[in-house]
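J.: Below: one structure in C-alpha coordinates.
The values are calculated or read from the model by the stated rules, or taken from the named source; none is laboratory data. Just so you know, these numbers come straight off a predicted model, no measurement behind them. FYI the Cβ positions are ideal-geometry reconstructions off the backbone, even for glycines, and counts take in every protein chain you see.
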Amino acid sequence: MRSEQINIYIIDDDKILSHALKNEINNHFEDQKVNVRTFEAGELCEPFLKIKPDIAIVDYHLNSKFKDAKNGVEIIEMIKKQSPDTEVILFTKDDNLGLAVEAFQNGANEYVVKNDYMFRRLNVAILQCLKYRELKLELKWKKERRVIAMVLIGVLLSVAIACQILAKKL
(Lines give C-alpha, C1' and ligand atoms only; values in the text may rest on other atoms or scores of the structure.)
Protein backbone atom coordinates (compact mmCIF):
# COMPACT_ATOMS: atom_id res chain seq x y z
CA MET A 1 0.00 0.00 0.00
CA ARG A 2 2.15 2.91 1.28
CA SER A 3 5.91 2.90 1.69
CA GLU A 4 6.21 5.89 4.03
CA GLN A 5 5.40 5.79 7.72
CA ILE A 6 1.79 6.12 8.84
CA ASN A 7 1.43 8.24 11.99
CA ILE A 8 -1.63 7.44 14.09
CA TYR A 9 -2.60 9.21 17.32
CA ILE A 10 -4.94 7.60 19.84
CA ILE A 11 -6.54 10.10 22.19
CA ASP A 12 -8.40 8.22 24.92
CA ASP A 13 -8.33 8.57 28.69
CA ASP A 14 -8.58 4.79 29.15
CA LYS A 15 -4.93 3.67 29.18
CA ILE A 16 -5.78 -0.03 28.98
CA LEU A 17 -8.01 0.44 25.95
CA SER A 18 -5.44 2.73 24.30
CA HIS A 19 -2.75 0.09 24.77
CA ALA A 20 -5.07 -2.61 23.36
CA LEU A 21 -5.89 -0.39 20.35
CA LYS A 22 -2.22 0.31 19.75
CA ASN A 23 -1.45 -3.42 19.77
CA GLU A 24 -4.41 -4.16 17.47
CA ILE A 25 -3.33 -1.50 14.97
CA ASN A 26 0.30 -2.66 15.02
CA ASN A 27 -0.80 -6.28 14.51
CA HIS A 28 -3.35 -5.51 11.79
CA PHE A 29 -0.97 -3.22 9.87
CA GLU A 30 2.22 -5.17 10.58
CA ASP A 31 3.23 -5.13 6.90
CA GLN A 32 3.29 -1.31 6.92
CA LYS A 33 5.39 1.25 8.75
CA VAL A 34 2.98 2.39 11.47
CA ASN A 35 3.87 4.67 14.36
CA VAL A 36 1.11 4.81 17.00
CA ARG A 37 1.22 7.36 19.84
CA THR A 38 -1.26 7.50 22.70
CA PHE A 39 -2.47 10.49 24.71
CA GLU A 40 -4.82 10.58 27.71
CA ALA A 41 -6.28 13.96 26.73
CA GLY A 42 -6.47 15.96 23.55
CA GLU A 43 -4.62 18.87 25.08
CA LEU A 44 -1.62 16.57 25.62
CA CYS A 45 -1.33 15.82 21.89
CA GLU A 46 -1.48 19.47 20.83
CA PRO A 47 2.33 20.02 20.81
CA PHE A 48 2.71 16.90 18.63
CA LEU A 49 0.28 18.08 15.92
CA LYS A 50 3.17 19.77 14.11
CA ILE A 51 4.10 16.23 13.02
CA LYS A 52 0.79 16.23 11.07
CA PRO A 53 -0.47 12.74 11.92
CA ASP A 54 -2.19 10.81 9.16
CA ILE A 55 -5.01 9.64 11.45
CA ALA A 56 -6.27 10.62 14.89
CA ILE A 57 -8.57 8.29 16.81
CA VAL A 58 -10.40 10.45 19.34
CA ASP A 59 -12.59 9.35 22.25
CA TYR A 60 -15.53 11.63 23.04
CA HIS A 61 -15.43 11.45 26.86
CA LEU A 62 -11.91 12.48 27.86
CA ASN A 63 -12.45 13.76 31.40
CA SER A 64 -11.88 10.74 33.65
CA LYS A 65 -8.32 11.79 34.51
CA PHE A 66 -8.47 15.51 33.79
CA LYS A 67 -11.88 16.84 34.85
CA ASP A 68 -11.62 19.99 32.71
CA ALA A 69 -10.44 18.14 29.58
CA LYS A 70 -12.07 19.06 26.29
CA ASN A 71 -14.50 16.59 24.75
CA GLY A 72 -13.80 14.69 21.55
CA VAL A 73 -15.61 17.11 19.24
CA GLU A 74 -13.59 20.01 20.64
CA ILE A 75 -10.42 17.98 20.08
CA ILE A 76 -11.48 17.27 16.48
CA GLU A 77 -11.82 21.04 15.93
CA MET A 78 -8.37 21.62 17.44
CA ILE A 79 -6.79 18.91 15.28
CA LYS A 80 -8.43 20.15 12.07
CA LYS A 81 -7.28 23.74 12.75
CA GLN A 82 -3.66 22.71 13.25
CA SER A 83 -3.49 19.75 10.89
CA PRO A 84 -6.34 19.98 8.35
CA ASP A 85 -5.17 16.96 6.36
CA THR A 86 -5.34 14.62 9.36
CA GLU A 87 -8.17 12.11 9.02
CA VAL A 88 -10.14 11.80 12.28
CA ILE A 89 -12.14 8.92 13.71
CA LEU A 90 -14.42 9.64 16.65
CA PHE A 91 -14.27 6.56 18.88
CA THR A 92 -16.91 6.55 21.59
CA LYS A 93 -19.20 4.43 23.74
CA ASP A 94 -22.11 6.65 22.64
CA ASP A 95 -24.22 5.20 19.84
CA ASN A 96 -25.78 8.61 19.23
CA LEU A 97 -26.83 9.97 15.84
CA GLY A 98 -26.73 13.59 17.04
CA LEU A 99 -23.17 13.19 18.27
CA ALA A 100 -22.17 11.50 15.01
CA VAL A 101 -23.61 14.39 12.98
CA GLU A 102 -21.82 16.93 15.20
CA ALA A 103 -18.55 15.03 14.81
CA PHE A 104 -18.89 14.92 11.00
CA GLN A 105 -19.78 18.62 10.89
CA ASN A 106 -16.57 19.37 12.77
CA GLY A 107 -14.31 17.34 10.50
CA ALA A 108 -14.52 13.69 11.57
CA ASN A 109 -14.22 11.17 8.75
CA GLU A 110 -15.52 8.16 10.68
CA TYR A 111 -17.58 7.36 13.78
CA VAL A 112 -16.85 4.09 15.58
CA VAL A 113 -18.83 2.90 18.60
CA LYS A 114 -17.01 1.03 21.36
CA ASN A 115 -18.66 -2.39 21.38
CA ASP A 116 -17.86 -6.05 20.69
CA TYR A 117 -16.96 -5.26 17.06
CA MET A 118 -14.91 -2.11 17.71
CA PHE A 119 -11.51 -3.51 16.71
CA ARG A 120 -12.78 -4.86 13.40
CA ARG A 121 -14.74 -1.67 12.72
CA LEU A 122 -11.77 0.51 13.69
CA ASN A 123 -9.43 -1.36 11.32
CA VAL A 124 -11.91 -0.81 8.48
CA ALA A 125 -12.22 2.87 9.41
CA ILE A 126 -8.43 3.26 9.36
CA LEU A 127 -8.24 1.62 5.93
CA GLN A 128 -10.99 3.92 4.65
CA CYS A 129 -9.16 6.97 6.00
CA LEU A 130 -5.92 5.88 4.36
CA LYS A 131 -7.69 5.30 1.04
CA TYR A 132 -9.42 8.69 1.27
CA ARG A 133 -6.06 10.31 1.99
CA GLU A 134 -4.49 8.61 -1.05
CA LEU A 135 -7.35 9.77 -3.27
CA LYS A 136 -6.94 13.36 -2.05
CA LEU A 137 -3.21 13.26 -2.79
CA GLU A 138 -3.82 11.77 -6.24
CA LEU A 139 -6.39 14.46 -7.03
CA LYS A 140 -3.99 17.18 -5.88
CA TRP A 141 -1.24 15.70 -8.08
CA LYS A 142 -3.57 15.58 -11.10
CA LYS A 143 -4.63 19.20 -10.55
CA GLU A 144 -1.00 20.27 -10.33
CA ARG A 145 -0.20 18.43 -13.56
CA ARG A 146 -3.17 20.10 -15.27
CA VAL A 147 -1.98 23.55 -14.15
CA ILE A 148 1.55 22.86 -15.41
CA ALA A 149 0.15 21.68 -18.76
CA MET A 150 -1.98 24.82 -19.07
CA VAL A 151 1.04 27.02 -18.32
CA LEU A 152 3.13 25.19 -20.92
CA ILE A 153 0.37 25.56 -23.51
CA GLY A 154 0.18 29.27 -22.69
CA VAL A 155 3.94 29.67 -23.12
CA LEU A 156 3.87 27.78 -26.44
CA LEU A 157 0.98 29.93 -27.71
CA SER A 158 2.83 33.09 -26.68
CA VAL A 159 5.96 31.94 -28.52
CA ALA A 160 3.91 31.05 -31.63
CA ILE A 161 2.20 34.46 -31.63
CA ALA A 162 5.52 36.22 -31.11
CA CYS A 163 6.99 34.27 -34.05
CA GLN A 164 4.05 35.26 -36.28
CA ILE A 165 4.43 38.92 -35.34
CA LEU A 166 8.16 38.82 -36.03
CA ALA A 167 7.57 37.04 -39.35
CA LYS A 168 5.16 39.79 -40.48
CA LYS A 169 7.67 42.53 -39.59
CA LEU A 170 10.41 40.87 -41.60
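J.: When you look at Gly107, is it more than 29 Å from His19 (Cβ to Cβ) and modelled with pLDDT of 85 or more, yes or no? Can you show your working first?
T.: Values: more than 29 Å from His19 (Cβ to Cβ): no; modelled with pLDDT of 85 or more: yes.
When the stated conditions are applied, Gly107 does not pass them.
J.: Out of Ala108, Ala167, Ala149, Ala162, report the one residue that is closer than 13 Å to Val88 by Cα and not acidic (Asp, Glu). Let's see the steps before the verdict.
T.: Numbers: Ala167 fails: closer than 13 Å to Val88 by Cα; Ala149 fails: closer than 13 Å to Val88 by Cα; Ala162 fails: closer than 13 Å to Val88 by Cα.
Going through Ala108, Ala167, Ala149, Ala162 in turn, the sole match is Ala108.
J.: Given the residues Leu135, Leu170, which is the only one that is out of contact with any helix residue (DSSP H, G or I) (no Cβ under 6 Å at 6 or more places or on another chain), farther than 30 Å from Tyr60 by Cβ and without any contact (Cβ under 8 Å) to a residue 40 or more places away in the chain?
T.: Values: Leu135 fails: farther than 30 Å from Tyr60 by Cβ.
Unique residue meeting the criteria: Leu170.
J.: Can you name the residue in the range 108-127 that is of a type in the set (A, V, I, L, M) and in a helix (DSSP H, G or I) and is also farthest from Ile55 (Cα to Cα) among such residues?
T.: Only one residue tops the list, namely Met118.
J.: Is one or more of the residues making up the range 57-69 touching a Phe, Trp or Tyr at 6+ places or on another chain (Cβ under 9 Å), acidic (Asp, Glu) and without any contact (Cβ under 8 Å) to a residue 24 or more places away in the chain?
T.: no
J.: Taking into account only those residues within the range 103-120 that are surrounded by fewer than 18 Cβ atoms within 10 Å (Cβ to Cβ) and charged (D, E, K, R), which is farthest from Asn26 (Cα to Cα)?
T.: Among those residues, the one meeting the criterion is Asp116.
J.: Need a quick list: strands (runs of 3 or more DSSP E) entirely within the range 1-99 having at least 1 residues that are modelled with pLDDT of 90 or more and surrounded by fewer than 18 Cβ atoms within 10 Å (Cβ to Cβ).
T.: 34-39
J.: Pull up the range 121-142, narrow it to residues that are surrounded by fewer than 17 Cβ atoms within 10 Å (Cβ to Cβ) and closer than 20 Å to Ala20 by Cα, then point me to the one that is nearest to the chain's Cα centre (by Cα). Show your work before the answer.
T.: Of the range 121-142, the ones surrounded by fewer than 17 Cβ atoms within 10 Å (Cβ to Cβ) are 123-124, 127-128, 131-132, 134-142.
In the following step, the residues that additionally are closer than 20 Å to Ala20 by Cα were identified as 123-124, 127.
Values: Asn123: 14, Val124: 14, Leu127: 11 Å.
Taking the candidates together, the pick is Leu127.
J.: Provide a single number: the residues in the range 26-56 that are over 15 Å from Val88 (Cα atoms) and either among the acidic types (Asp, Glu) or in contact (Cβ under 8 Å) with a residue 60 or more places away in the chain (or both).
T.: 6
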